[in-house]
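Report on one structure; see the data block that follows.
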Amino acid sequence: MVDGAALAAFSMRFQRPVGSVLKAHPGVYTGPDLPASWEVFATSLKSVGGVLLNAQPSQEQAIQAAIDMGRAPGRVVASAAAATLLTGVTGWETARVTTTPQEWEDVDLAIIRAESACAENAALLVTSSSLPERALAFLAQRILVLVPRNRLIGGFMAAQAELASRLANGEALHHATWMSGPSKTADIEQTLVIGAHGVCALAVMAVDI
């Protein structure tokens, strides 16, 4: 049986108090000026289950180590944009143009290139320009994201504004996705589960391009 008093009390929470005055919208929110710091990015990334890798002792050696680390049965596939950064690295193949995402079901590690990164929330931007093979980023077990070192933005509002400017200037993008850490959910009993809907592990490496 429904408790009428409890239901009424609950409904009152959503009613405007008698005599209250409507206020004008305060206008566009101006976000804080956050630093574009890779240290801040690393902390944010760790908080969402990812890890920032150092490109040491050399960029090629660091990428090779990331490929070999935790190697499991399955393919290592690099997007076309990331493939240009893998000179001297072995043990990978370039993503083929495909209309059937099921071709990525046996990929252990996907290597992709992000266009920019945000220090505030460790978000990484991939679009149809940098990742036309978008299913690759969601069907692989692990993912290594290579992002230009000089493309770190401090706050997410500034990062979104930059993307909006690109669209306003006529750049046609089929898709644009912000990725932050591996796939995760806490819908069930507020228990965090990593790898629920996509990649189980995500690593980022800032590279010189």
Members of region 180-194 that are on the phi > 0 side of the Ramachandran plot and touching a residue at least 24 places away in the same chain (Cβ under 8 Å): GLY181
Going by what's in this entry, would LEU131 be described as among the hydrophobic types (A, V, I, L, M, F, W, C), surrounded by 16 or more Cβ atoms within 10 Å (Cβ to Cβ) and in a strand (DSSP E or B)? no
Taking region 102-122 and keeping residues part of a loop (DSSP other than H, G, I, E, B) and farther than 17 Å from HIS197 by Cβ leaves ASP106, ALA114, GLU115, ALA119, GLU120, ASN121, ALA122
So, of the residues in region 172-192 that are among the polar types (S, T, N, Q) and modelled with pLDDT under 90, which turns out to be surrounded by the fewest Cβ atoms within 10 Å (Cβ to Cβ)? GLN190
Here's a check for you: in region 72-104, which residue that is surrounded by 12 or more Cβ atoms within 10 Å (Cβ to Cβ) and charged (D, E, K, R) is nearest to LEU53 (Cα to Cα)? ARG75
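Taking GLY195, is it at pLDDT below 90 and buried (at least 16 other Cβ atoms within 10 Å of the Cβ)? Walk me through how you get there before you give the answer.
Working: at pLDDT below 90: yes; buried (at least 16 other Cβ atoms within 10 Å of the Cβ): yes.
Considered against the rule, which asks whether it is at pLDDT below 90 and buried (at least 16 other Cβ atoms within 10 Å of the Cβ), GLY195 comes out as yes.
What are the residues in region 95-119 that are of a type in the set (Ser, Thr, Tyr) and at pLDDT 95 or above, if any? So that I can check it myself, show each step before the final result.
Step one: filter region 95-119 for residues of a type in the set (Ser, Thr, Tyr), giving 98-100, 116.
Once the filter is applied, which keeps residues that are of a type in the set (Ser, Thr, Tyr) and at pLDDT 95 or above, region 95-119 yields only SER116.
Take ARG166 and tell me if it is at pLDDT 90 or above, of a type in the set (Lys, Arg) and over 28 Å from GLN64 (Cα atoms). Quick ask: steps written out before the conclusion?
Values: at pLDDT 90 or above: yes; of a type in the set (Lys, Arg): yes; over 28 Å from GLN64 (Cα atoms): yes.
Taking the combined requirement at face value, the residue satisfies it.
Across region 155-172, what is the number of residues that are over 17 Å from SER44 (Cα atoms) and either charged (D, E, K, R) or assigned to a helix (DSSP H, G or I) (or both)?
Initially, region 155-172 is screened for residues over 17 Å from SER44 (Cα atoms), giving 160-172.
Filter once more, so that each one left must be either charged (D, E, K, R) or assigned to a helix (DSSP H, G or I) (or both): 160-168, 171.
Matching residues across region 155-172 total 10.
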Quick test for you: out of LEU125, LEU144, LEU139, LEU152, pick the one residue that is of a type in the set (A, V, I, L, M, F, W, C), modelled with pLDDT of 95 or more and closer than 15 Å to ALA78 by Cα. LEU144
One residue is enough: does region 85-98 have a residue meeting the conditions small (Gly, Ala, Ser) and closer than 19 Å to CYS200 by Cα? no
Residues satisfying the stated conditions in region 144-159, i.e. within 15 Å of THR177 (Cα to Cα) and in contact with a Cys (Cβ under 9 Å, 6 or more places away or on another chain): PHE156, ALA159
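Among the residues of region 168-176, are any within 22 Å of ALA83 (Cβ to Cβ) and within 16 Å of the chain's Cα centre (by Cα)?
Yes, there is a match, as at least one residue in region 168-176 is within 22 Å of ALA83 (Cβ to Cβ) and within 16 Å of the chain's Cα centre (by Cα).
The values are calculated or read from the model by the stated rules, or taken from the named source; none is laboratory data. Given the structure is predicted, the values throughout are model-derived calculations rather than measurements. Heads up, the Cβs are rebuilt from the backbone with ideal geometry, glycines too, and the neighbour counts pull from every protein chain shown.
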